[in-house]
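So the structure is just underneath, and the comments pick up after that.
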Amino acid sequence: MKITADPMAILLFLGLLLTDRTMLAVAVFSAALVHEAGHLLAAVCMKIPVRSLKLSLLGARLGVGRLLSYREEWLLCISGPLASLGFAILLYPWWRVGFFLQLSWASFALGLLNLMPVRSFDGGRMLSALLCGAANERAAGRVLSVCSFFCLFCLWSLSVYLLLRAGSGLSLLSFSMSLFLRFFEEQES
């Protein structure tokens, strides 16, 4: 399996390690590893050949060696969020230790975030697989675009509210804005 990483993702991770939030950066990175391990385990169980893993600023993408059925796509997509949520629950007895609390919340947040029906998230791919199985790809694409816009708008609105109300949420605002930009770039192409 070929593993590639976006240089900006590497720089961001290294930059986080140099701040006073080193343990949080390690927790977030570990939560992402558990999430991707869930996808890889599902691929192995379903005998789906994995050719590549590409890491970027906004997540990771598996490159599989064959076309997947809608059922396989759905199962492969749900496995990451399930691994994240299961891992968060598994860590519950150790919440009194700061790092495990951070790791559990990072896993929980990553699992929930990935279940959102946004085109580039696992939840969006799951919705697409369900809709394509029931209707055609064009209709599924339209529904997914509307769901993606609505979810991203809600995420952006939450980040603006947190920024204005509590003076925090700048990272959520940056994240939601980058997702919005990606969404509109995909709509143009």
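Given the criteria over 20 Å from Leu115 (Cβ atoms), surrounded by 15 or more Cβ atoms within 10 Å (Cβ to Cβ) and outside the structural domain of Arg125 (by TED's automatic domain parsing), does Val64 qualify?
Details: over 20 Å from Leu115 (Cβ atoms): yes; surrounded by 15 or more Cβ atoms within 10 Å (Cβ to Cβ): yes; outside the structural domain of Arg125 (by TED's automatic domain parsing): yes.
Here the answer is yes, as Val64 does meet what is asked.
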Out of all the residues in the stretch 172-189, which are surrounded by 14 or more Cβ atoms within 10 Å (Cβ to Cβ) and in contact with a Leu (Cβ under 9 Å, 6 or more places away or on another chain)? Leu172, Leu173, Phe175, Ser176, Leu179, Phe180, Arg182, Phe183
By residue number, the members of the stretch 36-52 that are closer than 15 Å to Asp122 by Cα and of a type in the set (A, V, I, L, M) are Ala37, Leu40, Ala42, Ala43
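Kindly establish whether Val28 is touching a residue at least 24 places away in the same chain (Cβ under 8 Å), among the hydrophobic types (A, V, I, L, M, F, W, C), in a helix (DSSP H, G or I) and closer than 30 Å to Phe150 by Cα.
yes
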Please give the number of the condition Trp94 fails out of (1) exposed (fewer than 14 other Cβ atoms within 10 Å of the Cβ); (2) closer than 24 Å to Ser178 by Cβ. (2)
Of the residues that sit in the stretch 1-59 and are among the basic types (Lys, Arg) and either in contact with a strand residue (DSSP E or B) (Cβ under 6 Å, 6 or more places away or on another chain) or not assigned by TED's automatic domain parsing to the domain that holds Tyr70 (or both), which one is surrounded by the fewest Cβ atoms within 10 Å (Cβ to Cβ)? Lys2
Hey, could you check the stretch 132-171 for residues that are touching an Asp or Glu at 6+ places or on another chain (Cβ under 9 Å) and small (Gly, Ala, Ser) and say which is surrounded by the most Cβ atoms within 10 Å (Cβ to Cβ)? Ser148
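The values are calculated or read from the model by the stated rules, or taken from the named source; none is laboratory data. If you're wondering where the values come from, they're calculated on a predicted model, not measured in any experiment. When we count neighbours, we look across all protein chains shown, and the Cβ atoms used for this are built from the backbone with ideal geometry, even at glycine.
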